[in-house]
1. Which order do ILE211, ILE202 take by accessible area at a 1.4 Å probe, largest first?
2. Could you give the angle, 0 to 90 degrees to the nearest 10, between helix 77-94's Cα long axis and the longest principal axis of the Cα atoms of the chain?
3. Arrange the residues GLU325, GLU372 by how much accessible surface each exposes, largest first, with a 1.4 angstrom probe.
4. With charges only on Cβ, +1 for K and R and -1 for D and E, what is the dipole size of segment 253-397 about its Cα centre, in debye, rounded to 20?
5. Given 10 Å bins starting at zero, what is the percent of C-alpha pairs of the chain in each, up to the one with the largest pair distance?
6. Which value, in Å to one decimal place, does the Kirkwood hydrodynamic radius take for segment 174-237 when every pair of different Cα atoms is included?
7. Per residue, how much accessible area does segment 78-170 show when a 1.4 Å probe rolls over the protein heavy atoms, in square angstrom?
8. Take the solvent-accessible surface of the protein heavy atoms, probe 1.4 Å, and return the percent of it on segment 253-397 that carbon and sulfur atoms account for.
Amino acid sequence: MHLDLDAFFASVEIKLNPSLRGKPVLVGRVDPHGRSVPRGVIATCSYEARKFGCRSGQPLFQALKLCPEAIVVGGHYEEYIKASNQVFSIAARYAPKIEQTGIDEAFLDFSGTELIYPDLVEIAKKIKEDVEREVGITASIGIAGTKVCAKVASDFQKPDGLTYVELGREKEFLAPLPLTDLPGVNNKTSQKILTILIDSNIVKENKEIAIGDFASLPRDFVEENLGKVGLSLWQAANGIDNLWFSPRAEVKSVSRSETFAKNSSDPKFILAMLQYLTEKVGEEMRREGYFGRCVHVTIRYSDFRTVSRQRMLPYSTALTKEIYEMGEILLKELWDGCTPLRLVGIAVSKVEAKCQTLQPNLFDRVREKRLELEKRVDYLRSKFGKDSVVPATLSGLKHRKLN
Ligand code: TTP
Ligand code: MG
């Protein structure tokens, strides 16, 4: 299954202010006085605004030209993260494995669950209902035997869509759609493929090509003219899963865990311990220039039973704050809050070294500033001692040093 939230930021804004419902809404940058920034681009817009031709990434002035009555609202980033976490916690109730690929989208792997879930359409309906009831926004879901096809299917009947592609009919489903609907193909790639097809006399005129036209080319021709990337797209067009969405090889992971002096069932202590361990993980990541996307939490019960849980963050991060927030969610999903524990651990995997910037998005500046703040705290700790600046939540762990 591929799940993608509908007009995500705009839907959250509408949930926060229901008087916007049914109206064309643009999510743009807003200055501290609540005035829209005229030269910014819009992050997204409601489906009502899309009817006028408004799109993500458009300059705000252009979107307002297309739809002068549109209402411009602006970024409650924390609310988007909260809604995203809520949605993927719901998905985790059903899917044994989740691979989150963006702030509002994820693949839910149901392979091998045929006996528990004989009807995946029913499960998808339940997930959609839970999301709408509990988070107040809508999701579109695609179900298919390959990731590429599931992703295209989730987009097929947006908003509030549910598209099921029968096993083995992936190629048939994709064939009539424009080539640019295939993930990884933008207008430039599509134009390049079209030019090659015209030069080789396979296509006569400058028309829009469908996924099926591309899929029916001989494999050798594609490999020769479009290389490995082209071949991988061609396989996707033929309904064969390809490599793009497979998780990348793990370069490294950064982790810390600690066995307590005495078993504990005190949530305050356990959360403070998690924060303390995350401070150390975050500091190492920033020191080494690492950025990672997957957070893991492990707990060990007094009888040594050990369980862990992991989830992808929307963006690669080196921020203690973001790692901890996800860690706290995972801990709450793992632990009932009263069974005594003897160990807690946190790790970040899918780490990439020397990632130059945090994932670019509308809120770059907020995250860049936070990174700057955490690096300054690292500096203060290196100069004045590890415990010179500590989160207030750690005051209960007085005996522990951050070194
Ligand atoms: P998308 O899933 O691409 O878009 P969407 O959820 O707004 O609309 P759709 O119903 O078509 O899925 O992106 C998710 C969020 O990411 C989007 O709400 C805002 C943000 N975003 C940007 O900030 N800039 C961009 O250029 C894009 C494409 C998205
Ligand atoms: Mg979306």
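1. Highest to lowest solvent-accessible surface, that is ILE202, ILE211.
2. For 77-94 against the chain, the angle is about 80 degrees.
3. The most accessible residue leads, giving GLU372, GLU325.
4. With Lys and Arg at +1 and Asp and Glu at -1, about 180 debye.
5. 4, 19, 25, 27, 16, 6, 2, 0
6. The answer is 11.4 Å.
7. So segment 78-170 comes to 45 Å² accessible per residue, rounded to a whole number.
8. That fraction is 52 percent.
The values are calculated or read from the model by the stated rules, or taken from the named source; none is laboratory data. A quick note: this is a predicted structure, and the numbers were derived from the prediction, not measured. We place every Cβ from the backbone using ideal geometry, glycine too, and count neighbours over all the protein chains shown. Quick note on the areas: whole protein, heavy atoms, side chains included, nothing else; ligands and nucleic acids left out. Shrake-Rupley method; radii C 1.70, N 1.55, O 1.52, S 1.80 Å.
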